[in-house]
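The values are calculated or read from the model by the stated rules, or taken from the named source; none is laboratory data. Not measured: the values here are computed from a predicted model. Cβ coordinates were reconstructed from backbone atoms using ideal geometry, including for glycine residues, and neighbour counts include every protein chain displayed. Surface areas here come from the heavy atoms of the whole protein model, side chains and all, with no ligands, DNA or RNA. Shrake-Rupley method; radii C 1.70, N 1.55, O 1.52, S 1.80 Å.
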Amino acid sequence: MSPEDHTLILPPPILASASPRRRQWLEALQIPFEVWAPEVDESPLPDEDPAVMVERLARAKAEIVSVVNPGRWVIAADTTVAVDHHVLGKPVDEADAARMLGLLQGRRHEVHTGLCLRKDQEIHSLVDTAEVYLRPVSEARRRWYAGTGEPMDKAGAYAAQGIAALFIERIEGSFPTVMGFPVERFGELVARLGLLQSWLGMP
């Protein structure tokens, strides 16, 4: 068996996430994968920069899964929304979701996604940032949107790939990063590491 043939039978990577958006991206790329969602405290550290936080959490998720899966590549990511350098995590209830959307409406905010690829002690991580501009959204519409349930498991309390797309004026940067998986940076990284040959049989 040639070295090229050997790369095709390596085990698939493990996605360290329960996010359906991240699963959808790997499925769209036709990369075979397994899912192992770790438990991680996603609270920011005191005065922690949002971009630093998402890279730290992506690395933490990758570490938890990697240590019990030696020899396997692990893909992990973490996303947060920040306005004026303050992190907006996932809302605790509908009122909190409406409140967050009120903070974001009519202005610019940042979406940071950290990405980590790890196999044993080999670790590669990065952060990609996009700027999102939301149109003004009335209080009644914010309450209505919170009641749809869509924002409840989303950082910043909105889904750019869902109903909230109607509220977005423009995005400067990667739309996949806003969704929670910086696919352009991911593609660059796995190509540089030679992983596409193993996962897809790509020349």
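Table: residues versus (1) at pLDDT 95 or above; (2) of a type outside the set (Phe, Trp, Tyr); (3) closer than 18 Å to residue 124 by Cβ.
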| position | (1), (2), (3) |
| --- | --- |
| 56 | yes, yes, yes |
| 60 | yes, yes, yes |
| 65 | yes, yes, yes |
| 85 | no, yes, no |
| 91 | yes, yes, no |
| 95 | yes, yes, no |
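Just checking, how many residues over segment 137-176 are farther than 16 Å from residue 107 by Cβ, acidic (Asp, Glu) and modelled with pLDDT of 95 or more? Qualifying residue count, segment 137-176: 1.
Give me the residue from segment 7-27 that is among the hydrophobic types (A, V, I, L, M, F, W, C) and assigned to a helix (DSSP H, G or I) and, out of that set, farthest from the chain's Cα centre (by Cα). Step through it out loud before you land on a result.
Of all residues in segment 7-27, those among the hydrophobic types (A, V, I, L, M, F, W, C) come to 8-10, 14-16, 18, 25-26.
Right, trim to assigned to a helix (DSSP H, G or I) and you get 25-26.
Working: 25: 10, 26: 12 Å.
Only one residue fits best here, namely 26.
Just checking, which of 19, 43, 66 is hydroxyl-bearing (Ser, Thr, Tyr) and out of contact with any Phe, Trp or Tyr (no Cβ under 9 Å at 6 or more places or on another chain)?
From the options 19, 43, 66, the qualifying one is 43.
Could we say that residue 36 is over 27 Å from residue 147 (Cβ atoms), touching a Phe, Trp or Tyr at 6+ places or on another chain (Cβ under 9 Å) and in contact (Cβ under 8 Å) with a residue 24 or more places away in the chain here?
On the way: over 27 Å from residue 147 (Cβ atoms): yes; touching a Phe, Trp or Tyr at 6+ places or on another chain (Cβ under 9 Å): no; in contact (Cβ under 8 Å) with a residue 24 or more places away in the chain: yes.
It is false that residue 36 is over 27 Å from residue 147 (Cβ atoms), touching a Phe, Trp or Tyr at 6+ places or on another chain (Cβ under 9 Å) and in contact (Cβ under 8 Å) with a residue 24 or more places away in the chain.
When you scan segment 54-63, how many residues do you find that are touching a residue at least 40 places away in the same chain (Cβ under 8 Å) and open to solvent by less than 70 Å² (accessible area, probe 1.4 Å)? Of the residues in that region, 6 qualify.
Among the residues of segment 117-128, are any assigned to a strand (DSSP E or B), exposed (fewer than 14 other Cβ atoms within 10 Å of the Cβ) and modelled with pLDDT under 95? Full working, then the answer.
Taking segment 117-128 first, the residues assigned to a strand (DSSP E or B) are 117-119, 122-128.
With exposed (fewer than 14 other Cβ atoms within 10 Å of the Cβ) added as a condition, the list becomes 122.
Subsequent filtering for residues that are modelled with pLDDT under 95 retains none.
Within segment 117-128, not a single residue is assigned to a strand (DSSP E or B), exposed (fewer than 14 other Cβ atoms within 10 Å of the Cβ) and modelled with pLDDT under 95.
Applying the condition of being of a type in the set (Gly, Ala, Ser) and in a loop (DSSP other than H, G, I, E, B) to segment 28-53 and asking which residue is surrounded by the fewest Cβ atoms within 10 Å (Cβ to Cβ) yields 43.
Considering each residue of segment 73-102, count those that are hydrophobic (A, V, I, L, M, F, W, C) and without any contact (Cβ under 8 Å) to a residue 12 or more places away in the chain, and give that number. Residues that pass the stated criteria total 1.
Among the residues here, residue 177 qualifies as of a type in the set (S, T, N, Q), open to solvent by less than 10 Å² (accessible area, probe 1.4 Å), in a helix (DSSP H, G or I) and in contact (Cβ under 8 Å) with a residue 12 or more places away in the chain. Could you tell me whether residue 185 is open to solvent by 20 Å² or more (accessible area, probe 1.4 Å), assigned to a helix (DSSP H, G or I) and out of contact with any strand residue (DSSP E or B) (no Cβ under 6 Å at 6 or more places or on another chain)? So residue 185 fails the test.
Quick one: would you say residue 135 is open to solvent by 40 Å² or more (accessible area, probe 1.4 Å) and in contact (Cβ under 8 Å) with a residue 12 or more places away in the chain?
Numbers: open to solvent by 40 Å² or more (accessible area, probe 1.4 Å): yes; in contact (Cβ under 8 Å) with a residue 12 or more places away in the chain: yes.
Yes, satisfied.
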